[in-house]
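What follows is calculated from the coordinates using simple rules that are stated; it is not laboratory data. From a predicted model like this one, the values you see are computed outputs, not experimental measurements. All Cβ positions, glycine included, derive from the backbone under ideal geometry; neighbour counts span all protein chains shown.
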Amino acid sequence: MANTASAKKAARVIARRTSVNQARRSRMRTFLRKLEDAIASGDKTAAAAALQAAQPEIMRAAQKGVLHKNTASRKVSRLATRVAKIGA
């Protein structure tokens, strides 16, 4: 357990940031699930719309430090490729 006042404050800050990051990660994953469902359905227009909604969420997660920026870029790139392959 934290002994000093600064360590106690740091523990509170960490708990607060953890909950914020969990919420951001959960929101991003929700958009990804919707995109995965659209890709699985084979509907290119729905998948493209879901990608347009998911891409800013993924990049926002990277900007806020939930994901590394290269990881976010890789995810967006791979998802865009999968959407492009629908109906090809």
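In table form, for the structure just shown:
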| item | result |
| --- | --- |
| Estimated [θ] at 222 nm from DSSP helical runs (n ≥ 4, -39500 (n - 2.57)) normalised by residues in the chain, nearest 500 | -30000 deg cm²/dmol |
| Selection from Phe31, Ala46, Ala7 lying farthest towards where the dipole of the stretch 1-50 points positive, charges on Cβ | Ala7 |
| Residues of type lysines that Lys34 reaches as a straight line, Cα spacing below 21 Å, ignoring anything fewer than 8 places off in the same chain | Lys44, Lys75, Lys85 |
| At least 15 Å along the helix axis (C-alpha) and Kyte average at least -0.5, DSSP helices within the chain | 44-63 |
| Relative packing of 44-53, 73-82, which averages over residues the other C-beta atoms within 10 Å, highest first | 44-53, 73-82 |
| For the chain, size of Cβ-based charge dipole, Lys and Arg +1, Asp and Glu -1, in debye | 480 debye |
